[in-house]
Each structure stands twice: as C-alpha cells, then as structure tokens.
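Below: one structure, written as structure tokens.
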Amino acid sequence: MIRTFDIRRPDERLRLLLQDKIDNLTKPKGSLGRLEELALQIGMARQTLTPSLHHPCHVIFAADHGIVEEGVSVSPKEVTWQQTLNFLRGGAGINFLCRQHGFELKIVDAGVDYDFSGVPGVIDRKVRRGTRNFLREAAMTRDELEACVERGAAMVEDCRRKGCDVIGFGEMGIGNTSPSSVWMHLFTGISLRQCVGAGSGLDDEGVRHKYDVLRAAVDNYDGDGSTWNVVRYFGGLEMAMAVGAMLRAAELGMIILVDGFIMTNCVLAASRLHPEVLSYAVFAHRGDESGHKLLLDYLQARPLLDLGLRLGEGSGAVCAYPIVDSAVRMINEMDSFAGASVSKYF
C-alpha cells in the first residue's frame with residue numbers, strides 16, 4: 001500500500017498577525033515587495049511570527065529511464081552515472097552553489113543503471129537499474145512505486161533529524177524531461193505539444209521525434225488516469241522518490257525549494273494528492289524548458305528568479321535560497337516603528 005501523508009493547511013488565524021508585523025517594520029508598507037510575501041508564506045508554513053530556517057539540505061535523486069531507448073534525448077544514457085560521480089568529486093554546478101550557500105548535499109542512487117558499490121558518498125536507495133520503456137509498458141510496478149515513495153520520505157526524515165527545516169530537491173536522469181512532459185500533459189490538460197521541449201539540447205527535428213514518441217506512449221496508455229497510476233506508468237524512479245520526499249517534507253512543516261521543470265512536475269503530482277503541499281513550496285526559478293512557464297502559470301506560481309537556467313540538479317533552488325534567507329532576516333531583524341521610536345512615514 002502506498003504511504004499516506006497527513007499534511008495540514010496552515011492555520012489562517014496567524015495570517016493577520018504576521019501581516020501586521022510585516023506592515024509595521026520600519027519601511028513603507030509593501031516596499032520590500034516579494035520579500036514581504038515570502039516572509040508571510042514562511043511564517044504561515046512554520047506557524048510562527050519569528051520563523052527561522054536551519055541546516056539547509058539539498059537532495060539529488062539520480063536514476064535512468066527506459067524511454068531513452070527511443071532516442072528522446074541528445075545526451076547518452078551513461079551521462080547519468082558519470083555526472084553522479086562528478087557530484088561526489090564536487091565539480092558540478094550544484095556543488096559550488098551548495099558550498100556558496102551552506103547546504104548539505106546528499107546524492108541518492110534511486111535507480112541508476114550502474115554499480116556504485118564501494119563508491120563513498122553515494123546513498124544507496126536503488127529500486128531497480130532504471131525504469132522500463134513506457135512506450136512499451138509501465139515504467140515501474142506498484143511495489144517499485146511504493147518503495148520510491150518510502151525511500152524519498154526517509155531521506156527527508158534523515159535531514160530533519162539533523163535540524164533541517166528548509167530543503168531543496170534535484171534530479172539527475174538522462175531523458176527525464178520526457179516523463180515530466182507526459183505528467184504535465186495528463187495532470188493539467190495542456191496539449192502535449194506545448195509540454196514537450198528540447199531537454200538537454202534537441203534540435204527541431206529531435207523535438208518532433210520526441211513528441212511523436214510521447215504521443216504514441218500516451219495513446220497506448222490504458223490506465224485509470226489516477227495520480228499514482230500516471231506516476232507509476234510514466235514516471236522516473238528519481239521523480240517518484242522526489243514526490244514522496246516533498247509530501248513528507250510538507251507533512252513535517254518544512255519549506256520546500258522547488259527547482260525547474262522536472263521538480264515542478266513533481267510538486268504538481270504531489271499537489272494533486274495533497275493540495276496543502278503548495279503552502280510549503282517556494283518556487284525558485286523559471287527554467288528555460290519550453291513548458292515550464294505554462295506549468296508555473298497553471299500552478300499560479302511566481303518564481304523568484306528568471307536566469308535562463310536549464311541545468312537541473314536543483315541548481316535554481318539553491319541559487320534562490322539567499323532571497324528566502326533575506327525574507328526571514330527581514331521579519332526577524334528589522335525593528336518595528338514602535339520599537340525604533342520612528343514615526344510612520346507613509
């Protein structure tokens with residue numbers, strides 16, 4: 001049986017008190033813009049007038065995808081395990097960002113088609129060596145999906161035990177924009193063509209081929225259309241693990257930093273199961289994958305950054321963290337007009 005989660009919507013009785021505190025800091029009302037909105041969201045999620053964030057963690061789930069057999073990615077499959085090793089050496093984009101912003105980085109083998117035995121630093125949560133090809137059959141079994149959800153939730157619990165209350169998620173999996181595009185289409189009703197983009201660099205002909213493959217896969221699907229069924233049939237192991245992780249993080253009242261196209265589709269899936277998860281989600285950036293803007297619009301999400309990022313790895317989530325930190329510092333470190341003996345000047 002797939003794990004159930006008890007995610008609570010923040011108690012609205014605190015909202016007016018938080019807004020009043022923010023409005024009475026020594027500044028014109030609303031003059032710190034998005035920082036004020038963020039402070040309100042974080043205070044509500046944490047259910048306190050003095051929210052604080054500790055021990056930020058970033059978890060990368062890595063796995064391979066059977067759909068790559070259909071030529072839907074410009075990058076070869078082996079890049080998944082090669083880049084996973086690069087994370088361990090500290091040489092990837094996510095590494096410098098985690099170092100810069102003080103994140104503990106965890107690298108999780110959710111289902112890479114590679115043997116990491118004896119490689120220090122890889123957290124072994126492998127469910128299987130890559131998904132099946134969902135053009136031909138379901139990507140994973142029900143038991144495999146259940147294992148992904150449990151192992152994703154357990155990773156969050158590991159972080160929480162260290163005092164973490166703000167967490168980002170990233171992914172490494174060649175081909176994972178394909179399952180993400182299908183999730184987006186089936187969960188939002190947006191046309192599949194609008195959901196399919198270039199991924200790691202397909203040309204126009206490559207995008208057309210990718211669309212044709214995904215169109216055929218969707219046409220072949222005979223499932224019941226439920227959220228978990230779609231996740232199981234089309235999803236990646238790392239994506240299903242991220243969904244479980246996001247649900248557990250929200251259940252624990254943690255702030256979730258949402259990255260780009262793949263991770264936004266994961267929080268979309270999570271929100272179809274528990275809409276309350278969105279109260280804990282901070283959308284970090286708008287990525288360069290063509291469908292990401294449409295997906296953010298569907299979720300009525302306003303990302304903090306728009307830097308043309310399309311690296312994945314959760315890089316945008318960690319890159320945006322200083323803005324989140326600034327919002328928390330604002331509500332805690334600025335004086336009120338009364339406390340500073342300053343007359344309101346607006």
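What follows draws every value from the coordinates through simple rules; no lab data is involved. Treat the numbers as computed from the prediction; the structure is a model and nothing was measured. Every residue, glycine as well, gets a Cβ built from its backbone with ideal geometry; the counts of neighbours run over all protein chains shown.
A few remarks follow.
- The helix-based estimate of mean residue ellipticity at 222 nm for the chain, built from -39,500 (n - 2.57) per DSSP H run of four or more residues and divided by its residue count, is -14000 deg cm²/dmol to the nearest 500.
- Rounded Å value of the spacing that divides the Cα centres of the range 269-346 and the range 181-255: 23 Å
- Descending principal axes extents, the range 233-317, alpha-carbon based, whole Å: 31, 27, 22
- Highest-MSF residue in the chain out of GLY168, GLY43, GLY121 [GNM, Cα springs under 10 Å]: GLY121
- Computed over neighbours whose Cβ is under 15 Å from that of TYR298, the net charge equals +2, Lys and Arg +1, Asp and Glu -1.
- Long-range Cα-Cα pairs in the range 300-346 (distance over 17 Å), rounded percent: 56 percent
- Cα centroids of the range 66-114 and the range 23-43: 37 Å apart.
- Order of GLU313, GLU12, GLU69 under a 10 Å beta carbon neighbour criterion, fewest first: GLU12, GLU69, GLU313
- Inter-label distance, GLU157 to VAL74: 4.2 nm, where each label sits 7 Å from its Cα along the C-beta direction.
- GNM flexibility winner over the chain from ILE123, ILE94, ILE42 (Cα, springs under 10 Å): ILE123
- Cα-Cα pairs of the range 181-236 separated by more than 16 Å (percent): 42 percent
- Size of the chain: Rg and Dmax of its alpha carbons, in Å, are 20.3, 70.
- Here the range 21-64 is scanned for amide nitrogen atoms under 17 Å from the site 7 Å beyond the Cα of VAL342 along Cα-to-Cβ, giving 21-33, 35-36.
- Choice from SER181, SER75, SER279 showing the highest fluctuation, given a GNM over the chain with Cα pairs closer than 10 Å: SER75
- Isolated Cys residues of the chain, judged by Cβ distance under 4.7 Å to other cysteines: CYS98, CYS148, CYS195, CYS266, CYS319
- Under 5 Å, built H, 5+ apart or other chain: amide partners of GLY170: VAL59, ILE60, PHE61
- Spin-label zone in the range 302-339 - amide nitrogen under 12 Å from a point set 7 Å from the Cα of SER31 along the C-beta vector: 337
- Remark: relative contact order (the chain) = 26 percent; criterion is Cα-Cα distance under 8 angstrom and separation of 6 or more residues.
- Summed residue charge, Cβ within 10 Å of LYS77's Cβ, Lys/Arg positive, Asp/Glu negative: -4
- In sequence order, calculated HN-Hα J values of the range 103-116 (Karplus, 6.51, -1.76, 1.60; Hz; x Gly/Pro): 8, 7, 9, 10, 10, 10, 7, 8, x, 7, 7, 6, 9, 8
- Beta bridges per DSSP, both residues in the chain: antiparallel share near 5 percent.
- THR264 sits among other residues whose Cβ lies under 15 Å from its own Cβ, and their net charge, with Lys and Arg +1 and Asp and Glu -1, is -3.
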